[in-house]
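Q: Pasting a structure below so you can have a look.
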Amino acid sequence: MANTTTKITLLTLGAIKPTGTVYFIRDRELIGFAIKVTAKGQASFIVEQRIKSGHTFRHTIGNVEHIPINSARAKAHEMIAIAKRGIDPRYQQPSKPLETQTLGWCLEQHINTNNIAESTKCTYRNQINNAFGDWLRQPVENITPDRIAERRLKLLQDKSTNYVNACLRALKAVLNNSDLPSNPVKVAGKKHRFSVQSTTTEHEEFLRKDEIVKLFDGYRTSSNFTEAYIDDGDNDGIYLGNRPQPNIFAACLYLMLIGGREQDVYNLTWNMVDHTNGIISYPARSRKDKKRHNIPMIGMIKDIIAEQPKHTRHPNLVFGMTHEMFRRRYNQSIRPITGHTSKSLRKTFAEHMGLDRYDSTDVGIALNHSQAISGTVTSKHYQSGALIIERQLREIFLAFQMRCVHYAMGYSYDDDVKSDILGDAGIGDEPINLNEIPDKVLITTFLNATFPTFCKLLKDRTSPETLDAFEGLEEVFHLMNA
């Protein structure tokens, strides 16, 4: 699509679509105000202007889905006015003199003057403190491109390239809040020929079937409670009963089943869980993509949520974990199983759904990717398609749960997932020797005890003969345990 000039309105936004090339929609009334549309259809408000007696700049105001048109137009008008006075508005700050601006001051400016999630604020502070902590009290004038290049080489001696690049990107963003004429991180990259962009990892970052089974097994042996005692001077102490404890296996299994990010655990509060309609509603502010996302509580997802107790320390959090608590428990208990970061759980969902012939659009809907759920003016403002998406998500989530059980039963990637899993366990085919109970029978019994909602869905697909045999086997296990 060719570049166009028109009055930017809601109708303009509704007509935006991917064309395979980048194009611009410039405003007819406010010269310098425009929309940049990427090849994939991502649109952002921008401002273009020549600084008086200086160079021309282009600055991104923000995504068109996150900023109202009037707010973007007002911001563009303000920046154009500043540029016409001969000042680069990108570095215009109502701040103190440059010589008194320290890195620590810029960090607080960046965190407090931008709409940044709490978890992201924590990440900025950690990265700046870990990589550049000794620079926090130094004036930003002293942070030169050469010093940045030297620090980069030092960090690379014991840190991964992606981590170092992430720290440099954080430093670059923080220094944008200073009155420096140019960002020293950007200058350092050009001068010393390095990029701060993340690189593709050389190894796969998703769980294979054996690792998925291990995660389920970890959940099977984990508990949402721990025994509490009070010291009475005796060796055993006085038993006070069971006390709720955060269960990292429950949290990570939940993330994998919904294809979620780690913040979907520590941002999940009980007021977001609608038991009546069976929906978990994530507001836009709680998510990295700043988009509302509804999760239907189907099968195992509902069972995991139903088992979560009200935690004493954080009673409003479903999983009872803050950001730091999640990271610490993940690295201690889950990473030895997966070998990857928590992002691998989201990638696992996407990777294995491809085996069930779900295309990128279907998976994108489940992951709440904007290119999969964006549409026309009608779909955005009148017919949201929420009910259709909810139905699709129920189907996709249940299919993934079935595939996980498929792996637990010992089948391979190439085998088709059978809908009659209970019947496939072989219950009722022949008398069972309780001293040599088949693995499939044990797995099915575990599923029925741990995921009753999921198993009810399975029983709707199972023959009456198999169900009778299954119920008889449950009675035997009950007598054995008694």
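Q: Those residues that are surrounded by fewer than 18 Cβ atoms within 10 Å (Cβ to Cβ) and within 16 Å of residue 224 (Cα to Cα), I need them from region 330-351; list them, please.
A: Residue satisfying the conditions is 333 alone.
Q: Does residue 89 count as over 22 Å from residue 188 (Cβ atoms) and modelled with pLDDT under 85?
A: So residue 89 passes the test.
Q: Being more than 31 Å from the chain's Cα centre (by Cα) and aliphatic (A, V, I, L, M) is the filter here; which residues of region 126-140 pass it?
A: 140 - this is the single residue of region 126-140 that is more than 31 Å from the chain's Cα centre (by Cα) and aliphatic (A, V, I, L, M).
Q: Residue 172: surrounded by 14 or more Cβ atoms within 10 Å (Cβ to Cβ), basic (Lys, Arg) and under 22 Å from residue 45 (Cα atoms), yes or no?
A: yes
Q: Inspect region 320-331 for any residue being over 22 Å from residue 124 (Cα atoms), touching a residue at least 24 places away in the same chain (Cβ under 8 Å) and either assigned to a helix (DSSP H, G or I) or under 17 Å from the mean Cα position of the chain (by Cα) (or both) and give the result as yes or no.
A: no
Q: Let me ask another. So which of 178, 198, 223, 182 ends up being modelled with pLDDT of 90 or more, surrounded by 10 or more Cβ atoms within 10 Å (Cβ to Cβ) and in a loop (DSSP other than H, G, I, E, B)?
A: After ruling out the rest, the residue left standing is 223.
Q: If you don't mind, another one. Is it fair to say residue 276 is within 18 Å of residue 118 (Cβ to Cβ) and surrounded by fewer than 20 Cβ atoms within 10 Å (Cβ to Cβ)?
A: No: the conditions fail for residue 276.
Q: How many residues does region 245-289 hold that are of a type outside the set (Gly, Ala, Ser), touching a residue at least 12 places away in the same chain (Cβ under 8 Å) and in a strand (DSSP E or B)?
A: Matching residues across region 245-289 total 5.
Q: How many residues does region 14-33 contain that are within 22 Å of residue 49 (Cα to Cα) and not basic (Lys, Arg)?
A: Total satisfying the criteria: 10.
Q: In this structure, is residue 285 over 21 Å from residue 307 (Cα atoms), within 13 Å of the chain's Cα centre (by Cα) and modelled with pLDDT under 95?
A: Working: over 21 Å from residue 307 (Cα atoms): yes; within 13 Å of the chain's Cα centre (by Cα): yes; modelled with pLDDT under 95: yes.
Judged against the criteria, residue 285 is a match.
The values are calculated or read from the model by the stated rules, or taken from the named source; none is laboratory data. Not measured: the values here are computed from a predicted model. As a convention, Cβ positions derive from the backbone with ideal geometry for all residues, glycine included, and neighbour counts pool all protein chains shown.
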